[in-house]
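These notes are about the structure you will find just below.
Each reported figure results from applying straightforward, stated rules to the coordinates on display, with no laboratory input. What you are looking at is a predicted structure, and each value in this text was computed from that prediction instead of being measured. All Cβ positions, even for glycine, are placed from backbone atoms using ideal geometry, and neighbour counts span all protein chains on display.
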């Protein structure tokens, strides 16, 4: 057994902070911990030790955390807010605007009071927007969650308020069922350029029975057809579990790449928090290398080294692949055209690749390099032609606004994201302190999502019924 690092975790029973080690054994990496009251515990962190070491080698110097008014004064992870040791700015505020939900998903990683649902008022949301602006006057991204956010009675107005606040990338995490009842809602959201993050766990019925507690396949297919007609910018979000739907990961990614309106695939490894804290077998856990193997098995043009970690977060939290569309169903990952180190540097300060001056410079470097590169595995002429067309579209003589440039960029590029949340078993404070995704709380603080899901959601009276009876969120 080889100790790779020492850190702190939490006891899976009492959730007190305990010492932990990251150890290599049997080709994998495990988090091993011990609580004085409840004994030892361990969780698989990576099924591939070489991948783990490679990702950690990407680690960068802390970028400096945002510390808005109301930042916490205590220690991780029990405090409500960013701890004094937090190392990353918040790049993605996640706002749960309602506890109402039309599903009761066993796999859900949050808790919700669906019997007496909470709906955030417009005044409360306005305060959240001011809080976001105080944290970062240039913030351009917000994500709506719930429960099911589309069940909020004034949801369209909340999206309009984001526009009025100057936020241009508005994403909605949804199961999509409300669109089948009210098509006008989808039309309104398209008018407001909202982006749909649609939960999509399978192309078969059985996985929905296990993950959502209902056979949703026909409804999901109808929702996808409706989105194909209206064509909002769409992401398919898939929660994956071993032996449930992991064999479909490759085909789901392939569906994304073949679509004309779905711009990315977001794959979440199953997390045992919230509704799912004590509900599903922990043997269902997958790690990022497991997901990578499934992606590449179903998409032979991709390799695991086409993915890199996000510099905005801990290396184990996000893995990202961007690919250039060549036409005719062919793609080339950006990591084949430029080093992953250069891509990693470009992504500093942004959770998603944005088509701005720095990106323009990167693609000009790629074009210059392709002129002289001798690489039989690349169709350099075809790639150069496509890159020039993209550059002409994104950076014409008459400047484009940011939204139009992003829209054009997504006609040429797609992304695959792998996101791994933490639960009590695999909780690592070193990861939490680099979290760039947070929930704005009603008292003016930002709570990193894994701290929120493991500790604070269950204490939030807006989302938990007085008797503690939970319900699930979007799935």
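For this structure, a couple of remarks:
- Pairs of Cα atoms in the chain fall into 10 Å distance bins, from 0 up to the last occupied one, in shares of 4, 20, 32, 28, 13, 3, 0 percent.
- Relative to its residue count, region 80-179 spans a Cα convex hull of 125 Å³ per residue.
- The mean sequence separation of alpha-carbon pairs under 8 Å and at least six residues apart, normalised by the residue count of the chain, gives a relative contact order of 23 percent.
- Coarse-grained scattering of region 324-474 at q = 0.16, 0.21 Å⁻¹, given as base-10 log I(q)/I(0) from a Debye sum over alpha-carbon atoms: -0.95, -1.33
- Estimated [θ] at 222 nm from DSSP helical runs (n ≥ 4, -39500 (n - 2.57)) normalised by residues in the chain, nearest 500: -8500 deg cm²/dmol
- As a proxy for reagent exposure, 203, 395 were ordered by neighbouring Cβ count within 10 angstrom, fewest first; the result is 203, 395.
- Of all DSSP-defined beta bridges confined to the chain, some 55% are antiparallel rather than parallel.
- In the calculated pair-distance distribution of region 170-281, the portion above 22 angstrom amounts to 31 percent of the Cα-Cα pairs.
- If the Kirkwood radius is taken over C-alpha pairs of region 1-46, then at 20 °C and 1.002 mPa s the Stokes-Einstein diffusion coefficient equals 203 µm²/s.
- Convex hull projection area averaged over all views, region 250-393, Cα basis, nm²: 10.3
- Per-residue Cβ neighbour rank within 10 angstrom, fewest leading, 301, 200: 301, 200
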